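Structure record follows, encoded as structure tokens.
The values are calculated or read from the model by the stated rules, or taken from the named source; none is laboratory data. Quick caveat: nothing in here was measured; it's all calculated off a predicted structure. Note: ideal-geometry Cβ built from the backbone for every residue, glycine included; neighbour counts use all protein chains shown.
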Amino acid sequence: MTLRWTPTTTDGTARAGTLHTAHGEVPTPVFMPVGTAGTVKAMTADAVRSTGARMVLGNTYHLMLRPTAERVARLGGLHKLMDWRGPILTDSGGFQVMSLTDLRKMDADGVTFRSHVDGSYHRLTPERSVEIQHLLGADVTMCFDECTPFPATPEQAAASMRLSMRWAARCREAFVPREGHGLFGIVQGGVYDELRAESVAALTAIGFEGYAIGGLAVGEGQDEMFRVLDITTPLLPSGSARYLMGVGTPGDLIGAVRRGVDMFDCVMPTRSGRTARAYTSRGVMNLRNARFADDGSSLDPECDCPCCTRHSRAYLHHLFKAEEMLGPILLSWHNIRYYQWLMERLRRAILEGRFEAEAAIIEAGWAEGETEKQAA
């Protein structure tokens, strides 16, 4: 049996379900910490597990450069290499097609990259991307696509999306089915309703174990992202997982869960943790701010992570001012735990039929907090 998602219940258009994989079951909605190069930055695998995270993300592009997919396979696969016993989803490298513009050349067959590490040249095609993800041992393999940049004209978005759909068909042909593993298609089309609908139709005609929504959170703004989700998610199969790629802030997550999205990933919790920004039940805090120097209170009294139960805001402020590595470690730990807590809370609310009430309580806590705006 290939990987599958099964629904449990809905509350409005918000959904709770379970993703069944070769490395275990994952309750949804779920947030996946990003382990781009085979590690969630500043975190051990045990620390990531302690946050409640059940699934993490790795990246084809970065792992193909070092240590190489073939080496990972020889060493027993990515799960063994990084000591992660749960499921892993691997990004296909498609985002780098957009983000590394100066280091790549794209054609109808694939992309030639110049490595940002040593300048060497590498070739990624749909078939090679799927092969790399197989070598890594990913539970969820993502189709190789071009992430359409923003802004893009309708003509540019259409050409980009249709190229990605041709590549999706090739990925489907290249994927080797095995128990508990699956391939997700990626919906593209920019901010254009008819292109998003065309993309969904093309992907569902091919058939995938799950469907991702790509090309968002690339500069279009939250309101436009939500508008595109309003158009796109109702078109996707109700019996398959829906994954919004690279998103986002806690406010983004609530809005996307409200619109029927099941899976998320983003570098924000760990990147923010390394820059002294903490996501809390009272909003966002910048621990470098001088007002925390004598603040002996917990970072977030509602949080049960070691950062919050053992240390004060003043200590965290000191760590960042002193440039001690423990500061980024503790805040990354907290931020990942906060995102897991948020998903747990939303899932429980969906199961109990009170999603909107719970979302309102969470958002009220952000509004009442004497902190930066949560969506910042």
Inset, instruction - Take segment 321-344 and flag every residue that is closer than 21 Å to Gly17 by Cβ and surrounded by fewer than 16 Cβ atoms within 10 Å (Cβ to Cβ). - result: Glu344
Inset, instruction - Among the residues of segment 76-118, count how many are surrounded by fewer than 16 Cβ atoms within 10 Å (Cβ to Cβ), under 26 Å from Gly182 (Cα atoms) and charged (D, E, K, R). - result: 4
Legend entry - Residues (part of a loop (DSSP other than H, G, I, E, B), of a type in the set (Gly, Ala, Ser) and buried (at least 22 other Cβ atoms within 10 Å of the Cβ)) located in segment 180-234: Gly189, Gly190, Gly214, Gly215
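I want to confirm something. Restricting to segment 147-166 and keeping residues that are among the hydroxyl-bearing types (Ser, Thr, Tyr) and in a helix (DSSP H, G or I), which single residue is nearest to Leu203 (Cα to Cα)? Lay out the reasoning, then the answer.
If we filter segment 147-166 for residues that are among the hydroxyl-bearing types (Ser, Thr, Tyr), which is where we start, we get 148, 153, 160, 164.
Cutting the leftovers down to in a helix (DSSP H, G or I) gives us 160, 164.
Numbers: Ser160: 15, Ser164: 10 Å.
Per the criteria, the residue is Ser164.
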Inset, instruction - Scan Ser281, Ser312 and give me the residue that is of a type in the set (Ser, Thr, Tyr), surrounded by 14 or more Cβ atoms within 10 Å (Cβ to Cβ), in contact with an Asp or Glu (Cβ under 8 Å, 6 or more places away or on another chain) and in contact (Cβ under 8 Å) with a residue 24 or more places away in the chain. - result: Ser281
Inset, instruction - Look at Arg49 and say whether it is farther than 27 Å from Ser115 by Cα, surrounded by fewer than 17 Cβ atoms within 10 Å (Cβ to Cβ) and in the same structural domain as Thr125 (by TED's automatic domain parsing). - result: yes
Legend entry - Residues located in segment 345-365, provided they are surrounded by fewer than 21 Cβ atoms within 10 Å (Cβ to Cβ) and either of a type in the set (Phe, Trp, Tyr) or modelled with pLDDT under 95 (or both): none
Legend entry - helices (runs of 4 or more DSSP H) within segment 17-77 that include 3 or more residues at pLDDT 95 or above and not hydrophobic (A, V, I, L, M, F, W, C): 45-50, 69-74
Legend entry - Unmet requirement for His318, which otherwise passes all of (1) surrounded by 15 or more Cβ atoms within 10 Å (Cβ to Cβ); (2) in a helix (DSSP H, G or I); (3) within 25 Å of the chain's Cα centre (by Cα): (3)
Inset, instruction - Select from segment 145-170 the residues that are touching a residue at least 60 places away in the same chain (Cβ under 8 Å) and of a type outside the set (Ser, Thr, Tyr) and write down the one among them that is surrounded by the most Cβ atoms within 10 Å (Cβ to Cβ). - result: Asp145
Legend entry - Count - residues of segment 18-29 that are in contact with a helix residue (DSSP H, G or I) (Cβ under 9 Å, 6 or more places away or on another chain) and surrounded by fewer than 24 Cβ atoms within 10 Å (Cβ to Cβ): 2
Inset, instruction - Among what's in segment 123-146 and is closer than 22 Å to Leu75 by Cα and outside any helix (DSSP H, G or I), pick the residue that is farthest from the chain's Cα centre (by Cα). - result: Gly137
Inset, instruction - Could you run through segment 64-88 and say how many residues are touching a strand residue (DSSP E or B) at 6+ places or on another chain (Cβ under 7 Å), of a type outside the set (Phe, Trp, Tyr) and farther than 21 Å from Asp118 by Cβ? - result: 5
Legend entry - Output for segment 106-122, where each listed residue is without any contact (Cβ under 8 Å) to a residue 40 or more places away in the chain and part of a strand (DSSP E or B): Val111, Thr112, Arg114, Tyr121
